[in-house]
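Report on the structure given below.
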């Protein structure tokens, strides 16, 4: 990964988080966090 690509990716992620904060009130981050916890529990079951 080049530095330019890393900076673009970081800018996109920060932009998404800013949009989520100002427009949606962290709803997407909370939803993704809950789904990630479900995935971790599912994978831990099969371990």
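Can you give the angle from 0 to 90° between the axis of helix 3-19 and the longest principal axis of the chain, with both taken from C-alpha atoms, to the nearest 10?
70
Using square roots of five times the C-alpha gyration tensor eigenvalues, list the equivalent-ellipsoid semi-axes of the range 3-46 in whole Å, biggest first.
That gives 26, 17, 4 Å for the three semi-axes.
No value in this document is a laboratory result; all are computed from the given coordinates. On a predicted model such as this, the values are computed, not experimentally measured, just so you know.
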